[in-house]
Amino acid sequence: VEDLVRALKDLDIPVSGVDRMVLIEQMAVMDLVALGRFLLLPQDSLTLATVLKSPLVGLNEDQLFELAFDRGDRLLWDALRDHAGADSAFGTAFDMLETLLKQTDFRSPFSLYSHVLTALDGRRKLLGRLGMDADDPIDEFLAQALEYERSHAYSLEGFLHWLERGKLEVKRELEQASRNTVRVMTVHGAKGLEAPVVFLPDTMQTPDKKNETF
């Protein structure tokens, strides 16, 4: 399904996304979860690298290489601290993450992520790189944070474990999408819509470009 949506976007064909999604598999949610994992364990250099490359921080490949290369047995977090005064991008990243680290134990998961997405402009950054399709997963992620807090003690680690274990499947309300966009849906979800044009892709065999038929 993701390949279909990506191919449509590559061809500049307006597409409203898919009608069902596994929340934890959405890129925006994966970036938010990675941030949470870093805040729980700053010593995890691989997770920090993921966060630094994500839209939430936005370092590029060259900047990440500068941090990671030839640092010996130092943690990536220590390397970022050492570089914080040398480059404005490193300094901004370090200040943001250090501030969040200090707040993690005092904020609920919903409060923490709401702060990241609003005060720290995280939603705009995610949508800027991932497109408007990321908006629904972000909203559902926040909704799940609230749902978790209704029945559990506030705990970032507990929330992330609960979210990943549940593998929630979300149904998007594509009925509100523009009529001039492609909607990628299951057969069951498409029943009764009576769209003027319907494509049924053959997903049971490998595409053969030598014998394309329409």
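Consider residue 121 against the criteria (1) without any contact (Cβ under 8 Å) to a residue 12 or more places away in the chain; (2) touching a Phe, Trp or Tyr at 6+ places or on another chain (Cβ under 8 Å): it satisfies all of them except one. Which criterion is unmet?
The number of the failed condition is (2).
Would you please list the contacts, defined by Cβ atoms under 9 Å and residues six or more apart or on different chains, that run from a residue in segment 182-197 that is exposed (fewer than 10 other Cβ atoms within 10 Å of the Cβ) to a residue that is at pLDDT 75 or above and assigned to a loop (DSSP other than H, G, I, E, B)?
187/200
Filtering segment 21-47 down to residues that are among the acidic types (Asp, Glu) and open to solvent by less than 70 Å² (accessible area, probe 1.4 Å), which residue is nearest to residue 75 (Cα to Cα)?
For segment 21-47, the residue satisfying everything is 44.
Any chance you could count how many residues in segment 85-132 are open to solvent by 40 Å² or more (accessible area, probe 1.4 Å), among the β-branched types (Val, Ile, Thr) and not in a helix (DSSP H, G or I)?
1
Considering (1) open to solvent by 80 Å² or more (accessible area, probe 1.4 Å); (2) within 21 Å of residue 125 (Cβ to Cβ), say which one residue 60 fails and leave the rest.
All conditions are met except number (1).
Might you let me know whether segment 30-47 holds any residue that is without any contact (Cβ under 8 Å) to a residue 40 or more places away in the chain, of a type outside the set (Val, Ile, Thr), assigned to a helix (DSSP H, G or I) and touching an Asp or Glu at 6+ places or on another chain (Cβ under 9 Å)?
no
With respect to residue 72, is the statement that it is more than 29 Å from residue 136 (Cα to Cα) and open to solvent by less than 20 Å² (accessible area, probe 1.4 Å) true? Can you show your working first?
Numbers: more than 29 Å from residue 136 (Cα to Cα): yes; open to solvent by less than 20 Å² (accessible area, probe 1.4 Å): no.
No.
How about segment 150-166: which of its residues are open to solvent by 30 Å² or more (accessible area, probe 1.4 Å) and either on the phi > 0 side of the Ramachandran plot or in a helix (DSSP H, G or I) (or both)? Before the answer, list the steps.
If we filter segment 150-166 for residues that are open to solvent by 30 Å² or more (accessible area, probe 1.4 Å), which is where we start, we get 150-155, 157, 161-162, 164-166.
Selection gives 150, 151, 157, 161, 162, 164, 165, 166.
The values are calculated or read from the model by the stated rules, or taken from the named source; none is laboratory data. On a predicted model such as this, the values are computed, not experimentally measured, just so you know. All Cβ positions, glycine included, derive from the backbone under ideal geometry; neighbour counts span all protein chains shown. The area values use the complete protein model at the heavy-atom level, side chains included, leaving out ligands, DNA and RNA. Shrake-Rupley method; radii C 1.70, N 1.55, O 1.52, S 1.80 Å.
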